[in-house]
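Notes for the one structure printed next.
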């Protein structure tokens, strides 16, 4: 009887640890899936034009806030030397929270921000004037 109860206790202990491992694996997979979704969304965000914002997914919500890393500068273009855009690097802090508002995870993403500041008209007159 003692032998059977010892084997049963060891068996239930093993099952409990396996269930805990499966739970951790599910949490890890959910976080990885959320990270892929958030990264895809953040690739569409221009930090120069939208320095702060929120977005909602089915199971979680994200907020982001950017901080300028480099000063805004004119882009370079061939053959005139200056482009239509100004550029800067930004560090974007992204916070992911569960639907109930509890924090889940956060990360920092380095992004390029840009905005159009010039018109094409000046680039169309590249040849000598008539």
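Side notes on the structure shown:
- Look at region 17-33: where a residue is more than 21 Å from residue 106 (Cα to Cα), no partner that is surrounded by 10 or more Cβ atoms within 10 Å (Cβ to Cβ) sits 6+ places away or on another chain with Cβ atoms under 6 Å.
- Within region 61-104, the set of residues being in contact with a helix residue (DSSP H, G or I) (Cβ under 7 Å, 6 or more places away or on another chain) and at pLDDT below 95 comprises 80 only.
The values are calculated or read from the model by the stated rules, or taken from the named source; none is laboratory data. As the structure is a prediction and not an experimental result, all values here were calculated from the model. Ideal geometry is used to build each Cβ from the backbone, glycine not excepted, and the neighbour counts take in all protein chains shown.
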